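This report refers to the structure that appears directly beneath it.
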């Protein structure tokens, strides 16, 4: 089973910029929305662009099985749901919500079934519920009643900005879905460096750290 982690945050909170120290030759980047990465030397990244759930699964599997990549990064994940919803917005009834939920579940299920030494990072926007809970952005309560995406993984970090610094929160504050295994991260806030997060995950689960090799 692969280690699938979710990185949540508002737009501009430092999710995409956290890739800056990752090695593009050892990672596979899937962009749901085609856009330049927000750091220098970003042209070294050759992203695969798609918002089709089945293509995302196929690309992730091919990257591992044929490309030998051990890290899969999916940026702007929430637009997989939003784009399908908008394309189907004229459909009557509620079946589309069930199908979009199933497609999203299919992606997570396929990613989790990748080999044990594979790490997957899903970068997505947040939203605040009526009860004040900060969670992964989806397309509404009807989908949330069917699937809790954060519940399918062990690690959920939240990108935040404090005093001008872009950080990752590693601990739940009682009003969000942040979580991490016990003692994986010593500090409640760490630099928004995905390479450092990947190294911590590899050390915790005794995975050979390709990014640091």
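Computed from the coordinates by the stated procedures, all read-outs in this text should not be read as laboratory data. Quick caveat, the model's predicted, so the values are computed rather than measured. As a convention, Cβ positions derive from the backbone with ideal geometry for all residues, glycine included, and neighbour counts pool all protein chains shown.
For the range 1-117, dividing the convex hull volume of the Cα atoms by the residue count gives 106 Å³ per residue. Under a Gaussian network description of the chain, with springs only between Cα atoms under 10 Å, the residue in 176, 130, 198 that fluctuates furthest is 130. Mean-square fluctuations from a GNM of the chain, with a 10 angstrom spring cutoff on Cα atoms, peak among 75, 51, 187 at 187. Relative to one another, the C-alpha centroids of the range 65-93 and the range 160-210 are positioned 24 Å apart. Here r is the Cβ-Cβ distance between residue 25 and residue 89 and R0 is 41 Å; the resulting FRET efficiency, rounded to 0.05, is 0.55. Once both labels are positioned 7 Å from their Cα atoms along Cα-to-Cβ, the gap between residue 141 and residue 98 label points is 2.0 nm.
Between 196, 60, 131, the GNM of the chain built on Cα springs shorter than 10 angstrom shows 131 fluctuating the most.
Taking the range 167-196 and a reference point 7 angstrom along Cα→Cβ of residue 131, the backbone N atoms nearer than 13 Å belong to 174-177. Highest mean packing comes first when the peptides 18-25, 7-14 are listed by Cβ atoms within 10 Å, giving 7-14, 18-25. Binning the alpha carbon pair distances of the range 3-205 at 5 angstrom intervals from zero yields the distribution 1, 7, 16, 20, 21, 17, 11, 5, 2, 0, expressed in whole percent.
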